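Visitor: Dropping a structure here in structure tokens format, bear with me for questions.
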Amino acid sequence: MRHLLPVLGPLDLDLTFGCGQAFRWKREGDAWAGIVGFAEARLRPGVPDGSLQLEVIGEDPGASAWSDYFRLGEDPTIHLEGVESLRALPGFMPLLGLRLLRQEPWETLASFVCSAAANIPKITRSVEGIADRFGTLIPGSARRSFPVPSVLAKARESDLRALGMGFRAPYLLETARRLDRDPIPWAALRSMPIEEARERLQRLPGVGAKIADCVLLFGLDRLDAYPVDRWIRRATLELSGRRRAKDRELDAWALQLGPARGYLQQLLFHLRRTGGPLPALPRGRR
DNA sequence: TCCTCTCCTTGCTT
DNA sequence: AAAGCAAGGAGAG
């Protein structure tokens, strides 16, 4: 099945798939191929500006679902309202082609449990390895879906360690088992106060504040979640002009970045990691 | 209750 | 080649 989807605003696939929010997209020459649910999608370049062409193998959820997944209906520029000062950061504006994907919550949770003290290639190996070993083959594709909790719950710790997951293996296994017994009310987490949603996720082993915020941001459409990792710690310290601060204080400082601070976090993460120190934002905010 | 330190796996880099 | 490093978390003290 093929779709030609209209795109509002800028779109940069390399940034979108390479920024560390999703781990099942691979660059194939000029194209990008990825697994979403029970589908394999392939995006091809050379399409007129303002649209995205994708080819789908497996269970196609339909055009509107894809548009929703890629967040094509909203121009990311709207997230700059109220934080005009960020526009002035060198290299910031071109990053707006990065689209925050709307991913499935469980797969997002499992992926970020794998992310602890790892890097993107390692996380990718873990996630892809889990799918290869425990997922369901997608008809017409050589790749597999990500296994649901009840399937992963039956795994052995040694199976996961064999994938190179190390100390994260027991965390993921126990998290899968708990979700199998006692499913998380995902819908409720989308609307409850952010601190409450975070606390709920942090009950799971292998899930601290940072990973809980990643799940909220990447899997539950909570753009108000601001994950503080080592890069964002540095970036936020610099922007705020402070010498040192606790993660909680940085999280509180980020409130001034508005309701879409999670999206801005993603751009700042990339900017800090690839571009070096950031200049302090002018006082009085904005 | 809160803070700080250490350990936990692996594989790639310096 | 040993040490450092990578989108952290848990447990001890």
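Values in this text are rule-based calculations from the coordinates and carry no lab data. Given the structure is predicted, the values throughout are model-derived calculations rather than measurements.
Visitor: Under the definition of Cα pairs under 8 Å and six or more residues apart, what whole-number percent is the relative contact order of segment A:2-74?
Guide: Working: 94 pairs, mean separation 27.3, N = 73.
With pairs under 8 Å counted, the relative contact order is 37 percent.
Visitor: Which one, A:56, A:228, A:83, has the greatest fluctuation when you compute a Gaussian network model over chain A with C-alpha springs under 10 angstrom?
Guide: It is A:83.
Visitor: Let me ask something additional. At a Cα cut-off below 30 Å, give the lysines reachable from residue A:154, other chains included and same-chain residues fewer than 8 away excluded.
Guide: A:26, A:122, A:210
Visitor: Follow-up question, since we're still on this one. Compute the Cα gyration tensor for segment A:2-74, then decide on rounded, prolate or oblate, letting a ≥ b ≥ c be the square roots of its eigenvalues: rounded whenever a/c is under 1.5, prolate when a/b is larger than b/c in the other cases, and oblate in all that remain.
Guide: Details: a/c = 1.30, a/b = 1.06, b/c = 1.23.
Note, shape of segment A:2-74 comes out rounded.
Visitor: Kirkwood-based Rg over Rh for chain A (C-alpha set), two decimals? Working shown, then result.
Guide: Values: Rg = 18.8 Å, Rh = 19.7 Å.
Rg/Rh for chain A comes to 0.96.
Visitor: Provide, as a two-decimal number, the C-alpha radius of gyration of segment A:105-202 over 2.2 N^0.38 Å, N being how many residues it has. Walk me through the numbers on the way to the answer.
Guide: Values: Rg = 13.9 Å, N = 98, 2.2 N^0.38 = 12.6 Å.
Ratio of Cα Rg to 2.2 N^0.38 Å: 1.11.
Visitor: To one decimal place, what Kirkwood hydrodynamic radius in Å is obtained for segment A:135-286 from all pairs of distinct Cα atoms?
Guide: Values: mean 1/r = 0.0572 Å⁻¹.
After inverting the mean inverse Cα-Cα distance, the result is 17.5 Å.
Visitor: With an 8 Å Cα cut-off and a minimum separation of 6 or more residues, compute the relative contact order for segment A:12-157 in percent. Could the numbers behind the result be given before it?
Guide: Numbers: 164 pairs, mean separation 38.7, N = 146.
Over segment A:12-157, the number comes to 27 percent.
Visitor: Pop out the Kirkwood hydrodynamic radius of segment A:179-264 from its pairwise C-alpha distances, inverse of mean 1/r, in Å to one decimal. The partial results should precede the final answer.
Guide: On the way: mean 1/r = 0.0745 Å⁻¹.
About 13.4 Å for segment A:179-264.
Visitor: Let me ask something else about it. Taking Cα pairs under 8 Å and at least six residues apart, what relative contact order does segment A:105-202 come out at, in percent? Each step should come with its number before you reach the end.
Guide: Values: 77 pairs, mean separation 23.3, N = 98.
Reported as a whole number, the value is 24 percent.
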